Amino acid sequence: MIGRLNHVAIAVPDLDAAAALYRGALGAEVGAPQDEPDHGVTVVFITLPNTKIELLYPLGENSPIAAFLEKNPAGGIHHLCYEVEDIIAARDKLKAEGLRVLGDGEPKIGAHGKPVLFLHPKDVAGTLTELEQV
Ligand code: CO
């Protein structure tokens, strides 16, 4: 059911340093920082030939990644995002399989303007998992 790996999101304590690392030493195509106030993050998109990396940095009070960075001060992988064709059908199938959907269970518009849902990490091999309808 899940399709392509859409992105790997990495929370970082220093966005400029992480962008410089990917642009410089790793030689990747790195975009400009974008504030996403609805999601409480500033994001830098990195385009790779087969997927994307998203560097996440807290924006504003109550950022969803602030607690993650407190526990992981050097930063780290925050979530994976898989593409699905029909997010409602995917949600209903996964709920029937016993996986928990975070929040109210309804898709929200994600950082790319498309509907997304998050699955509880304890139900997905310890990994916070995002589904994005493409
Ligand atoms: Co994401």
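The values are calculated or read from the model by the stated rules, or taken from the named source; none is laboratory data. Since we're looking at a predicted model, the values are computed, not measured. Here the Cβ is made from the backbone with ideal geometry for all residues, glycine too, and neighbour counts use every protein chain on show. To get the accessible areas, we keep the full protein, side chains included, count just its heavy atoms, and leave off ligands, DNA and RNA. Shrake-Rupley method; radii C 1.70, N 1.55, O 1.52, S 1.80 Å.
If you filter the range 6-47 down to residues that are at pLDDT below 95 and in a helix (DSSP H, G or I), you find that the one that is most open to solvent (accessible area, probe 1.4 Å) is Asp38. Give me the residue from the range 91-134 that is at pLDDT 95 or above and among the β-branched types (Val, Ile, Thr) and, out of that set, nearest to the ligand (Cβ to nearest atom). Once the filter is applied, the top-ranked residue is Val116.
Does any residue of the range 88-95 turn out to be free of Cβ contacts under 8 Å to residues at least 60 places away in the same chain, among the basic types (Lys, Arg) and open to solvent by less than 70 Å² (accessible area, probe 1.4 Å)?
Yes - at least one qualifying residue is present in the range 88-95.
Looking only at the range 110-127, residues that are among the hydrophobic types (A, V, I, L, M, F, W, C), in contact (Cβ under 8 Å) with a residue 12 or more places away in the chain and either more than 16 Å from His79 (Cβ to Cβ) or surrounded by fewer than 19 Cβ atoms within 10 Å (Cβ to Cβ) (or both) come to 1 in all.
Taking (1) assigned to a loop (DSSP other than H, G, I, E, B); (2) within 16 Å of the ligand (Cβ to nearest atom); (3) surrounded by fewer than 19 Cβ atoms within 10 Å (Cβ to Cβ); (4) not aromatic (Phe, Trp, Tyr) in turn, Pro73 satisfies each apart from (2). For the subset of the range 50-65 comprising residues that are in contact with a His (Cβ under 9 Å, 6 or more places away or on another chain) and farther than 19 Å from Asp14 by Cβ, which member is most open to solvent (accessible area, probe 1.4 Å)? The qualifying residue most open to solvent (accessible area, probe 1.4 Å) is Lys52.
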